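Encoded as structure tokens, the structure appears first; notes follow it.
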Amino acid sequence: MTEQRGGEPRRDGPGPYSGLFGAVPGDYTYQPTAPKQVKVASVIAIGLGALCLLLAGLTLTSAGEQISEVLTGSRGNAPVAVAAALVCAVAYLVPALYLRKRRAWARYVLIGVASMGVAGGVVALPSSLLGLGIHAALLILMLQRPTRLWFNHR
């Protein structure tokens, strides 16, 4: 540092806002992380997948008759109900795990699954407000600008 008129020091080098902790911007490598929308969407999808696995497990218990009647419309279809719950679990869990790895196909699959969830929620109104809200939030998170930019910028 050298003295300047008025007694204020003059800095020879980067200022406090020129880079990370005063470093020259070219001196460090920046590793972009997933935006919060992607993180929240993956947590929501993992939670929905876990609920589907729980439903599949409960279908194998003594409550399986009632669960299969609700899911398939007739009693005695427990294997079909378990298979449907496992397919749903895979549809949520696999894209959720690959979403943070920046796989574009995972984003598209979650957009499709959330769209089907929104459509199903609209058809089953008013008893499906929670599911409609969760799937709408998942769809909105996947369509927001930071999410699109993160997946398109490779």
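The values are calculated or read from the model by the stated rules, or taken from the named source; none is laboratory data. These figures come from a predicted structure and were not determined experimentally. Every residue, glycine as well, gets a Cβ built from its backbone with ideal geometry; the counts of neighbours run over all protein chains shown. Protein only, heavy atoms only, side chains kept; ligands, DNA and RNA dropped before computing areas. Shrake-Rupley method; radii C 1.70, N 1.55, O 1.52, S 1.80 Å.
Quick notes
- Residue under evaluation residue 121, criteria (1) among the small types (Gly, Ala, Ser); (2) farther than 16 Å from residue 43 by Cα; (3) open to solvent by 20 Å² or more (accessible area, probe 1.4 Å), criterion not met: (3)
- Segment 124-151 - residue that is of a type outside the set (A, V, I, L, M, F, W, C) and part of a helix (DSSP H, G or I) and, of those, least open to solvent (accessible area, probe 1.4 Å): 147
- Residue in segment 141-152 that is among the charged types (D, E, K, R), without any contact (Cβ under 8 Å) to a residue 60 or more places away in the chain and farther than 14 Å from residue 38 by Cβ present: no
- The set of residues from segment 54-70 being more than 10 Å from residue 85 (Cα to Cα), touching a residue at least 12 places away in the same chain (Cβ under 8 Å) and not charged (D, E, K, R) comprises 60, 64, 67, 68.
- Single condition residue 101 does not satisfy, out of (1) loosely packed, with under 13 Cβ neighbours inside 10 Å; (2) within 22 Å of the chain's Cα centre (by Cα); (3) not in a loop (DSSP other than H, G, I, E, B): (3)
- Output for segment 28-84, where each listed residue is of a type in the set (Gly, Ala, Ser), surrounded by fewer than 17 Cβ atoms within 10 Å (Cβ to Cβ) and in a loop (DSSP other than H, G, I, E, B): 62, 63, 73, 74, 76
- Of residues in segment 104-118 being open to solvent by less than 90 Å² (accessible area, probe 1.4 Å) and either in a loop (DSSP other than H, G, I, E, B) or closer than 18 Å to residue 35 by Cβ (or both), the one modelled with the lowest pLDDT: 104
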